[in-house]
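What follows is a set of notes on a single structure, which appears directly below.
Derivation of every value follows stated rules applied to the coordinates shown; laboratory data play no part. Computed from a predicted model, the values in this text were never measured in an experiment. For neighbour counting, all protein chains shown are included, and Cβ atoms are generated from backbone atoms with ideal geometry for every residue, glycine included.
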Amino acid sequence: MQQDFRREVVCCVCGEVAEDGNFGILCCNEHYLCGDCGVGFIESMLSKPETQVPAKCCFCKTEIDMKQVERYLSYEQRVIYEKYYTLNKLDSKLHKVVHCQYCEYFEIWRIDNYSTFFYCQNNECRKGICLVCDQILQVSPSGIMTRSRTAHLDREILVHSECFKYMQMKEDWIDALIEGSQRVCPKCNNGGLKNGACNKMTCDKCNILWCYVCGQDEDHADKKDLNGNFDQHFIDWENNSKRCPKMLKFLAANDQRWDKDDEEANRDFFYKICLYKSIRGFFKKYTQEQFKALCEVAPMAKHHGYNLQEAMTMDLEVVKR
């Protein structure tokens, strides 16, 4: 009788033994999820695709082969997965993402592409948009260009020629608002907002520890012992300018701007400081007059809703010692 030396493959979640023809998800380190647990894993991943795509093994955090994931995806899920797979693999120093304002369609452009016109290729949309003033364009350059359509397109280009001058400034303004409204993981640049808990963060994408106040990770943040526990970074912050308080409410002892009890109010005030710092950085590059000119062209800049006078004059020092 021939002995069967095949090793049993067992689901790491429910303990079910894999049977022939029962396809599951198997990572490169042989952590296996059965069919039912695989479905739950995919649904959980797609509930937060901004940070969970591409799929990673929930045990060893290695990336799971695309083919292992694809067989679990419906058409709608596949569209979402492929979109965020592309976006999360993108090198932001080389490329940028341009979205249609009226549907889910997007394109990836080189970072040095300053075209002001965007033409959606979604057959159910097909809108052309000026990326500066947000107006819908009447003529698309695709299709048969008759003499009248060519003349109309030339007139549109002429009308929006002034917009080109403000393209870079509008992008810089948007970047300033985005960068100021969130902190990002120092390793993978995964953005996020802090809840009312402490300032020791765990990135839900790459799993490293980092400080929400100074933005440094466990390996680079100042500690008494460089190889010591990350909690050392939050000790003696009152006297050491390289250290940070573990809770924002601790700042209330020496600074009345902070609340000694309400950590969520402190979080909101911290966000305000970060945003205003980013806005000040924008105005180091552009004058108030230049920004006013942008507001005349770009509605999203005009209706920003921020108190710019407060942003330019408020004390933005987080920790007063």
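The table that follows gives values for the structure above.
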{"item": "Among the residues listed as Ile80, Ile42, Ile64, the single one being surrounded by 14 or more Cβ atoms within 10 Å (Cβ to Cβ) and within 16 Å of the chain's Cα centre (by Cα)", "result": "Ile80"}
{"item": "Subset of the range 264-321 (residues that are of a type in the set (A, V, I, L, M) and over 20 Å from Cys133 (Cβ atoms))", "result": "Ala265, Ile273, Leu275, Ile279, Leu308, Ala311, Met312, Met314, Leu316, Val318, Val319"}
{"item": "Residues located in the range 77-122, provided they are assigned to a loop (DSSP other than H, G, I, E, B) and within 17 Å of Ile136 (Cβ to Cβ)", "result": "Cys100, Gln101, Tyr102, Cys103, Tyr105, Ser115, Thr116, Cys120, Gln121, Asn122"}
{"item": "The one condition in (1) of a type outside the set (Asp, Glu); (2) assigned to a helix (DSSP H, G or I); (3) within 21 Å of Gly35 (Cα to Cα) that Lys61 fails to fulfil", "result": "(2)"}
{"item": "Helices (runs of 4 or more DSSP H) wholly inside the range 227-321 that include at least 2 residues being of a type outside the set (Ser, Thr, Tyr), under 25 Å from Leu177 (Cβ atoms) and in contact (Cβ under 8 Å) with a residue 40 or more places away in the chain", "result": "263-285, 288-297, 299-302"}
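Residue by residue, here is whether (1) aliphatic (A, V, I, L, M); (2) within 30 Å of Phe117 (Cα to Cα) holds:
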{"site": "Arg155", "(1), (2)": "no, yes"}
{"site": "Glu162", "(1), (2)": "no, yes"}
{"site": "Asp175", "(1), (2)": "no, yes"}
{"site": "Ile178", "(1), (2)": "yes, yes"}
{"site": "Lys194", "(1), (2)": "no, no"}
{"site": "Val213", "(1), (2)": "yes, no"}
{"site": "Gln216", "(1), (2)": "no, no"}
